[in-house]
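Below is one structure, written out as structure tokens, with a few remarks after it.
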Amino acid sequence: MPHQFQLRIVAAPRPDDVGQVFVMAPGTWRVLGRAATAGEATVQLTRTGERALDADRQQLVNKTVGATQRVRASQANRRAPDVDLQDDGVSRTHAMVFVDPDGAASVVDLMSTNGTMVNGRDVQDADLQVGDAVVVGGTSLKLETA
């Protein structure tokens, strides 16, 4: 059975955000981003998720992911609710975290302003392992087994 993961906020500009958990099921992806205003979804960010991508959007994801050599990530074809971070250092669509159908996790930076780090290293894309720290803006998320 493939692994199900969770992203846990371990550090954030707003102390109330620390401890929030976002589950990542096999075959899904989530956008890490920031809504234009608190409490509202934007064109880039959706709180509904749980929908399959239509063919055009799947092609766009594959093109983005293919450019970063994340072939496995393109197999994650179901968008889970996005992670809306209340952090001014996070771009509206900052990064995408993928879990392929076999349960392997990866992250892709979406040309964010402040970049994405994994375990203290700037990355464009990276495979993730349990215990890895993903930092976007001033927010640190830890990958855990759910």
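General remarks:
- Scan of the range 103-146 for residues that are among the small types (Gly, Ala, Ser), assigned to a loop (DSSP other than H, G, I, E, B) and surrounded by 15 or more Cβ atoms within 10 Å (Cβ to Cβ), ordered by number: Gly103, Ala104, Ser112, Gly115, Gly137, Gly138
- Residue in the range 45-55 that is farther than 14 Å from Leu128 by Cβ, at pLDDT below 90, assigned to a strand (DSSP E or B) and not aromatic (Phe, Trp, Tyr) present: yes
- Residue within the range 126-135 that is more than 21 Å from Gly19 (Cα to Cα) and either touching a Phe, Trp or Tyr at 6+ places or on another chain (Cβ under 6 Å) or at pLDDT 90 or above (or both) present: yes
- Hits in the range 23-34 (condition: at negative phi and open to solvent by less than 30 Å² (accessible area, probe 1.4 Å)): Met24, Thr28, Trp29, Arg30, Val31, Leu32, Gly33
- Near pairs, Cβ below 6 angstrom, 6+ apart or cross-chain, from the range 76-104 (under 16 Å from Leu143 (Cβ atoms)) to any residue that is among the charged types (D, E, K, R) and open to solvent by 20 Å² or more (accessible area, probe 1.4 Å): Ala80/Arg30; Val83/Arg30; Leu85/Arg34; Val97/Arg30; Asp100/Arg72; Ala104/Arg72
The values are calculated or read from the model by the stated rules, or taken from the named source; none is laboratory data. Worth saying up front: this structure is predicted, and the values here are computed from it rather than measured. Neighbour counts run over all protein chains shown; Cβ positions are idealised from the backbone, glycine included. The protein model used for the area step is the full one, side chains on, heavy atoms only, and it has no ligands, DNA or RNA in it. Shrake-Rupley method; radii C 1.70, N 1.55, O 1.52, S 1.80 Å.
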